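To keep things clear, I will list the structure first and then write my remarks on it.
The values are calculated or read from the model by the stated rules, or taken from the named source; none is laboratory data. Note that the structure is a prediction, hence the values are computed from the model and not measured.
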Amino acid sequence: MATYAVSDIHGCYDELLKLMELIRFSDEDTLYVIGDCVDRGPKPVEVLKWMMSRPNVIPIVGNHENMMMRVLLPGLKEADSEESIEKTLTMDFLTDVNLWYLSDNGGRITAECFRKLTKYEREELLEYVQEFSLYEEVTVGDRRFVLVHTIGDDIRSLSDLENVDIYDLNDFLIARPDFEGKWDGEDIFVIGHTPTWFLGKKDNSVFRNGNLIDIDCGCVMGGRLAALCLETLEEFYV
């Protein structure tokens, strides 16, 4: 029985299955997915369905899930009148569409995959994504981990996160910590969001600085998909 974390799958379903085979992931294990399951890669719906079918997979929201939900949730509501259409087509909604679907964020791929689903399937998947947590606290042995997509630089401990009301959502979705700073607190932060290539890891390996660990190894960008075992801190790659 082991506990793993993986991040930024970005629709790389085939690589995810190979990684699960590599770690021999079973019903006795637990996998935390630290955001950005969708967009850019070819099979975002398959990734979500795989996760949803496994109660031992714990999802945490990333900025790409947030962008997706801001566009697809309003689209689920049937427009019964011109008035309801006008309520949906606000400037904020059109800005969200531009950010997710028309930019280089890769939302077009996810949108096209969702379009092929039945209305029931769309509702089921979006209801599942709505339940993603903002972060998870996990104690393994004598180590306490904080699993979150990313963090602002003012967040250095679990007690900081528990004061979530003083932070903006972006502190957990798009901010970037000071990767070169001093990370010597009691809590081990495991994050994604920033491909480790940009942090000097030219081999697309996990980045570590004290109690800060970044496991986004840029799979969808030609890098690798990584899993971290929380019991041993061992790294696995596909």
Of all residues making up the stretch 216-238, the number that are more than 15 Å from residue 15 (Cα to Cα), within 18 Å of the chain's Cα centre (by Cα) and assigned to a loop (DSSP other than H, G, I, E, B): 1
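Residue-by-condition table, conditions (1) in a helix (DSSP H, G or I); (2) assigned by TED's automatic domain parsing to the domain that holds residue 170; (3) at pLDDT 80 or above; (4) under 23 Å from residue 222 (Cα atoms):
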residue: 25; (1), (2), (3), (4): no, yes, yes, no
residue: 48; (1), (2), (3), (4): yes, yes, yes, yes
residue: 75; (1), (2), (3), (4): yes, no, no, no
residue: 87; (1), (2), (3), (4): yes, no, no, no
residue: 110; (1), (2), (3), (4): yes, no, yes, yes
